[in-house]
1. Do any strands (runs of 3 or more DSSP E) lying entirely in the range B:204-294 carry at least 3 residues that are within 14 Å of chain A (Cβ to nearest Cβ), and which ones are they?
2. Just the residues that are away from chain A (no Cβ under 11 Å) and over 29 Å from B:A181 (Cβ atoms), please, taken from the range B:38-74.
3. Taking the range B:188-219, which residues are over 24 Å from B:E488 (Cβ atoms) and aliphatic (A, V, I, L, M)?
4. With modelled with pLDDT of 95 or more, closer than 16 Å to B:L243 by Cβ and of a type outside the set (S, T, N, Q) as the only criterion, which of B:Y214, B:Y130 stands out?
5. Select from the range B:15-46 the residues that are more than 20 Å from B:R129 (Cβ to Cβ) and in contact with a Cys (Cβ under 8 Å, 6 or more places away or on another chain) and list them in ascending order.
6. Out of the range B:469-486, which residues are open to solvent by less than 80 Å² (accessible area, probe 1.4 Å) and under 14 Å from B:F333 (Cα atoms)?
7. Regarding the range B:522-533, can at least one residue be identified that is among the small types (G, A, S) and under 23 Å from the mean Cα position of the chain (by Cα)?
8. Exactly one condition in (1) within 11 Å of chain A (Cβ to nearest Cβ); (2) farther than 17 Å from A:N384 by Cβ; (3) under 28 Å from the mean Cα position of the chain (by Cα); (4) of a type in the set (A, V, I, L, M) is false for B:L405; which is it?
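The values are calculated or read from the model by the stated rules, or taken from the named source; none is laboratory data. What you are looking at is a predicted structure, and each value in this text was computed from that prediction instead of being measured. When we count neighbours, we look across all protein chains shown, and the Cβ atoms used for this are built from the backbone with ideal geometry, even at glycine. Ligands, DNA and RNA are excluded from the accessible area calculation, which covers all protein heavy atoms including side chains. Shrake-Rupley method; radii C 1.70, N 1.55, O 1.52, S 1.80 Å.
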Number of protein chains: 2
Amino acid sequence: MQANMKIALAQLDYIIGDFECNRDKIKHAVREARSGGANMVVFSELAICGYPPRDFLDYGDFVVRCKEMVDSLLPESHDIAIVLGCPVINPVVEGKDLFNAAQVLHRGEVVYEYHKMLLPTYDVFDEYRYFEPGDQPGVFEFMGKRIAITICEDIWNIGNENPLYRECPMDLMKLHEPDIAINLSASPFSTVQAERRRSIVIENARRYGLSFFYVNQTGAQTELLFDGGSLVVAPSGTVVDELPYFQECIRVFDCSQIQLFSGDTSTVGGPTQEVDLIYQALICGIKGYFQKLGFKKAILGLSGGIDSAVCAVLATDALGPENVVGWGMPGPFSSDHSIRDAKQLAHNLGITWEEVSIDKVYHAYIDALVPHTQGKSFDVMEENLQARIRAMYLMAMGNKFGYVLLNTSNKSEAAVGYGTLYGDMCGGLSVIGDLYKTQVYALAAYLNREVERIPINSIVKPPSAELRPNQKDADSLPDYDTLDKLLEAYIEQCKGPAELIRMGFEEALVNRVLRMVNLNEFKRFQSPPVLRVSTKAFGSGRRLPIVGKYLF
Amino acid sequence: MQANMKIALAQLDYIIGDFECNRDKIKHAVREARSGGANMVVFSELAICGYPPRDFLDYGDFVVRCKEMVDSLLPESHDIAIVLGCPVINPVVEGKDLFNAAQVLHRGEVVYEYHKMLLPTYDVFDEYRYFEPGDQPGVFEFMGKRIAITICEDIWNIGNENPLYRECPMDLMKLHEPDIAINLSASPFSTVQAERRRSIVIENARRYGLSFFYVNQTGAQTELLFDGGSLVVAPSGTVVDELPYFQECIRVFDCSQIQLFSGDTSTVGGPTQEVDLIYQALICGIKGYFQKLGFKKAILGLSGGIDSAVCAVLATDALGPENVVGWGMPGPFSSDHSIRDAKQLAHNLGITWEEVSIDKVYHAYIDALVPHTQGKSFDVMEENLQARIRAMYLMAMGNKFGYVLLNTSNKSEAAVGYGTLYGDMCGGLSVIGDLYKTQVYALAAYLNREVERIPINSIVKPPSAELRPNQKDADSLPDYDTLDKLLEAYIEQCKGPAELIRMGFEEALVNRVLRMVNLNEFKRFQSPPVLRVSTKAFGSGRRLPIVGKYLF
């Protein structure tokens, strides 16, 4: 009698290019899966090197190292099948030199290899930059079962009125009459991703009548956050299990039980509230950046405003209060409440607080520069100087003590260029750069839901950069409710001016805002990496010409 | 009797997204071609919107505007065929939504449309991000001739032992028995590009026995420089004509004469000396950036060193001495000669010279920060502060007067992270960021070939950042001859450590340098755009993880 097959999903956090580390993680997970009785253990896409390796793939040496690591895992496969993602060389001279492959290791050999057929090349993805699409759909036989192995994008080209690809790999797999489907993914987080992921896996399971095992990567890769949420779905479309978000997890499933599953799944699934997902994602992003680069401590400027306050709370939760340093840097136009609120915040969080005036340095600059300004009056030069002195203070401390400066800009201001390049736009990592101002407010409320961590005054007062007397954001920007809706429609939904006006936005506002967005591409070009939580963040997923005259 | 066909090549400089401007340029060129007796005028790839439009292509509105511009050109086509590049909508729902098309306008209609088959997706190119590959090779009949129209990459997949694509469009075109071949290109400059371009067009002409008309874009698109150099090649493989580099040009050719051409072409072709090409490219890059963004004046710090000197000469030649402002900013560790050499340079070039000490601002910073540095001694904090104060001075003047700050970093220092983020790494445009230090020396010699524009002392003295007493580059870096060879092998040729050691580089040096390169990706991530002159510049053509542990 054929034994029941047990499959383990291994949802891990890899370090790109740290081969030994990844290999050892995989080895450890294989052992855990084995001791849990698994006959097969499945890892995510390109697990061996971490996703996305980007142009490291152009290095032959990098690809050789990947193969060496797989080879060194072969002895682990004597009594368990190991399914993992790895770049492999395309033996055909025509076409790109690599495939994005899934390899099955068993009894000390690579017994099956599949090449990803659909190569996402949009948004943050560049896979056709490196890989030749596979053209060998098929199944792999194991313990009497026919297993269809696909990789990430391969299962996403269904149920779409405007499919991105001409082919649907699972349709082709179906011709080989699989019993079970496995998908190796590296699918980054956005606030809508968990829901999309669940519905696409359910749809595949149902359409093809197969038990579906979906393994995602977890953890942060600079700006890209991987939320895990690996899935097991029964042929009925019932979600049998969902692995946790933003955590490593190894879990074993009995295939025969999955096959028949139609039970209650009301308790399956992680958080669905957007703000909760965002919070978890940003914590994961900060933690991953620091841990993987080997940094411990963060520094940030605390202005008394909501943006820096939210970032300080996130940094505190991610790194611990003992690893967060907040600087209050009053300047010539700072209000009393700005320092009071900032200090209160530091006190609430238990982080280090230091207060240093920028006045003397500011005046030293002005004294040095006045002979060269031809009597011109106070303008953006003096405003930017203040923001830049603050950044220089923080960078100085970063240099002295190995702190990483956290950037506290939000997406609304990055969009319209309301920030100082080499000033408040500095930092190693932008924490909330993918949150519109209105989302920052929502996150602040969430962070304060149990106790007032962010002083209420930082939340309720009108936003101001305080770079000249009585300045308010509202003096030069439309109200954030309107602005954010307009920006979201332009940036995330790619609506053009005519459509935006049809949506009800005023023509003058549309023209002004779109012009600001496009004109300020040069500033965003030099921004730090932005933790991505939306479907369209500034950064590698949005590539625009600096010198381009569209809509300005 | 069939009249002789005359074809005009229109090699123009477009502004991305400035539809009216591009349309009017095209219209003007059509009229010039017509008055030169042309029956057909050929423009470059995506001429209607300029290349590369990048994610503007995600905007439906952008694509509609392209179509509107083509429509508005139809009346111009009553007596001349207009061949131009334009994005068009893919009517098939499966696949990407756009094609990268060549359209033929004649007698007021679009009479033929070809879709680019090979979509470059490597280095600086992202075409599969936007376009579905075409699958309709064919010919277009005009004046009794069968014309094979291809777009850029389509003709590059030949004569290669390791072709990038499975198909060769010209092989497929050949089945339709063309008489003439036309290629619409947007092929950016590198020092080897003119030669590669010429040999690929020659090889195509010979292999298929066709007169080849190749039209390239010219002018700068931020970091990408297009050198023109459009070509007419006879079926014999003889180059009939090459249009000038980095200039707009419209020229008419008689097809019947090309057909038979086998004359002497020893005088055909632009400069081939690398340093001369680099000089022209950088001038084009500076001019294009300023003109297209509407800036007139540049500012830069003059340190007395070779890098800033070379940039100052280039800026002077591109913008005129009246539009270049040089600042000398002596600090606590500046040598006497640094200011003397810088001042002499400014005098030689006739540019504005201003001298402002950073000492008082530096001491103001130190006074403000000392209470927070826990008695730690002078280190990279104080070094970086000096570089940052200088950058803040220059940015201040930029803000006050609308100057663009030119970045003067070279590729060697950008590679190893020998530069201060938010200090000497600031700027709107990096002028020589794609030149290794040894290439900077060669360019300096070239600029001084007739008269000593750069003071000889700036060239011969040992390079130093002068950020601490008696500092020299050679204290912490290997000599530039060795370093640059190693960097070139690692960055341009993607050699891994084992190969580099086999090439003769010391193992310790290889490990140290590769580690520096990879570790400093976070700095380069925030660099200004770099004028690209090599086959692998830092920027959009080289995409690496910030948090990646390969080789460090």
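1. On the way: elements: B:211-215, B:218-221, B:224-227, B:231-233, B:239-242, B:249-254.
Per the criteria, B:218-221, B:224-227.
2. B:E68
3. Our first condition is that a residue be over 24 Å from B:E488 (Cβ atoms); within the range B:188-219, this holds for B:201-219.
Once the filter is applied, which keeps residues that are over 24 Å from B:E488 (Cβ atoms) and aliphatic (A, V, I, L, M), the range B:188-219 yields B:V201, B:I202, B:A205, B:L210, B:V215.
4. Numbers: B:Y130 fails: closer than 16 Å to B:L243 by Cβ.
Result: B:Y214 is the single residue among B:Y214, B:Y130 that is modelled with pLDDT of 95 or more, closer than 16 Å to B:L243 by Cβ and of a type outside the set (S, T, N, Q).
5. Of everything in the range B:15-46, those that are more than 20 Å from B:R129 (Cβ to Cβ) and in contact with a Cys (Cβ under 8 Å, 6 or more places away or on another chain) turn out to be B:I15, B:F19, B:N22.
6. If the condition is that a residue be open to solvent by less than 80 Å² (accessible area, probe 1.4 Å) and under 14 Å from B:F333 (Cα atoms), then B:Q471, B:K472 are the ones that fit.
7. Just the residues of the range B:522-533 that are among the small types (G, A, S), to begin with: B:527.
Of the ones still in play, those that are also under 23 Å from the mean Cα position of the chain (by Cα) are B:527.
Within the range B:522-533, one or more residues are among the small types (G, A, S) and under 23 Å from the mean Cα position of the chain (by Cα).
8. (2)
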